[in-house]
Amino acid sequence: MSTTLSDQILELKNAIGALEAQRAVLGDSVVEASISALQSQLSDLESRSTQPPQHRKQASLLFADIASSTRLTWGLDPEEEMEIIDQGVMRIAAPVEAHGGHIARYQGDGFKAVFGVPTAREGDPEMAVRAGLAIVDAARAYGREIEARHQMRGFNVRVGIDTGLVVTGGVSEGEDTIKGTPVNLAARLEGYAPAGGVLISEQTYQQVRGIFEVEEQAPLVVKGFAKPVRNWLVVGMRARSFVNPSRGMPGIRTRMVGRSEQLGRLKELLRKVVQEKSGQMVTVLGEAGVGKSRLVFELENWIGSRTDSKYHIFRGRCRAENSQRPYTLFADLFAMQFQIQDSDPADVLYQKMEAG
């Protein structure tokens, strides 16, 4: 039976204790020489036992930084400068936690945040972009406050986001150690982002396209990357956002693989609903990225191709930021059915409900 790290540490401590007890018999020189070697082994094992375990995870990294903070606070008293910047960083950091992210490290007048660590969710890239837009809004609101109080204009932020495989754990930052290409690219994108802008990578764009209004920017020549980096500036939320069911490369349709049994079961249940006029509820469970959205998309395509029956498809979407709001799924179903936009005021909403 293999011994654990804790067992090895205990054995070494017992061995050192036994040698100490024999000091009078063996002599100081013999004991010291033996203990020195054992102490070296013990120190190595103890350092390994305190190192957080490493894990490979899919995550979205977000870097945010106050734009031109040195110019902004030039000439201020150091204490006043620290107060303004510190309060500003805290204000722009608040949307990260509100959108399910985690601040991994504060650095100067900004921070590094991660979505998907320690717990991964399928909507992490979307939530990272939503947080980025909320960070920009928070910066603008704070900028208006300090302009009124200190006659200081121009407070703003830059945000960069990338999505991909990272390694977490280690010794440099403990459990918040995050290494990988997304860390480097997100930091670079933040540096290239315009003041008040959210710049995202191609990897993040592929996960969120159809949800946000974006503008593709000129490819960036980024240090450490062999090819120019494609990137998109996020302008805002779409009027009526919903995940684009197509994945992969835009304009390329691929065949669904490995889900024939599940798709057949869904078709069978739908036929049962029509024949028996009875309701059915299906829950599709699976890890992020295994093809749940694609499965539903293929079912809808099959429904749309049928001519023997007439179906009405109602689509609603639960979002993490609405987890504390009651009946949010039903609200989304109504919004989709009556073409209600996220930006519609209350009077327009009532008009659309009445017309529908």
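Couple of notes before you dig in:
- Estimated inter-spin distance, GLN22 and ASP77, nm [label 7 Å along Cα→Cβ]: 7.0 nm
- Beta bridges by DSSP in segment 92-219, antiparallel share as percent, to the nearest 5: 60 percent
- Proportion of all alpha-carbon pairs of segment 71-190 beyond 18 Å (%): 54 percent
- Taking θ as phi - 60° and the Karplus parameters 6.51, -1.76 and 1.60, the scalar couplings of segment 129-144 work out to 5, 4, 4, x, 5, 5, 5, 4, 5, 5, 5, 5, 5, 5, x, 5 Hz in sequence order, x denoting glycine and proline.
- Placing pseudo-labels 7 Å out from each Cα toward the beta carbon at ASN14 and TYR311 gives an inter-label distance of 6.6 nm.
- Near ARG238, the amide H atoms lying under 5 Å from its own belong to PHE212, GLU213; only residues 5 or more places off or on other chains count, and H is placed 1.01 Å from N.
- Label sites at SER36 and GLN151, each approximated as a point 7 angstrom past Cα along Cα to Cβ, lie 7.1 nm apart.
Throughout, read-outs are computed from the coordinates displayed, never taken from laboratory work. Since this is a predicted model, take the numbers as computed values, not measurements. In this analysis, Cβ positions are derived from the backbone assuming ideal geometry, glycine residues included, and neighbour counts consider all displayed protein chains.
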